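Structure first, commentary second.
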Amino acid sequence: QVRLVESGGGAVQPGGSLRLSCAASGFIFTLYTMAWYRQGPGKQRELVATITGGGATNYADSVKGRFTISRDNAKKMLSLQMNSLNLEDTAVYYCYSFGSPSYWGQGTQVTVSS
């Protein structure tokens, strides 16, 4: 049974940092490109960052230079380090596994407010 379980969300002030984690199980983690998506209030879900099994990364323009996606294939963990958070980063963040079928985590709330 495939499971993606996010953690690390919470409330933070503008300029602050958070680190999200996603624990994966039930599939061969290293074979799949993984990603973080987010969905802000009243917005469509959007791609934040991707990382291949080999560690190649890609970022949405809105988070470049502020967010860092990483993975530990041995521990089957995906992470997202988020720095210099701003109000527009408020969203539910989802862990996602590419593939057929693809899988979503349940999401973790990140709230940036003063």
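The values are calculated or read from the model by the stated rules, or taken from the named source; none is laboratory data. What you see is a predicted model; the values in this text were computed from it and never measured. So basically every Cβ, Gly included, is an ideal-geometry build from the backbone, and we count neighbours across all protein chains shown. Quick note on the areas: whole protein, heavy atoms, side chains included, nothing else; ligands and nucleic acids left out. Shrake-Rupley method; radii C 1.70, N 1.55, O 1.52, S 1.80 Å.
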Query raised in the report: On alpha-carbon atoms, Rg over Rh for the chain using Kirkwood Rh?
Result: 0.95
**Report entry** Part-to-part distance (alpha-carbon centres) for region 1-15 and region 84-114, which is given in Å
**Finding:** 7 Å
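Please sort by residue number the trypsin sites (Lys or Arg not before Pro) in region 1-90 whose DSSP state is loop and whose Cβ has at most 12 other Cβ atoms within 10 Å.
Of the trypsin sites (Lys or Arg not before Pro), the ones in loops of region 1-90 whose Cβ has at most 12 other Cβ atoms within 10 Å are LYS43, LYS64, LYS75.
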Query raised in the report: Once phi is turned into θ = phi - 60°, what whole-Hz ³J(HN,Hα) does the Karplus curve with 6.51, -1.76 and 1.60 give for every residue of region 96-101, x standing for Gly and Pro?
Result: 9, 10, 5, x, 10, x
Query raised in the report: When the accessible area of region 1-109 is split by element with a 1.4 Å probe, what percent falls to carbon and sulfur?
Result: 49 percent
Query raised in the report: Counting only protein chains, not ligands or nucleic acids, how are TYR59, TYR93 ordered by accessible area (probe 1.4 Å), most first?
Result: TYR59, TYR93
Report summary line: antiparallel share of DSSP beta bridges within the chain, to nearest 5, in %, is 90 percent
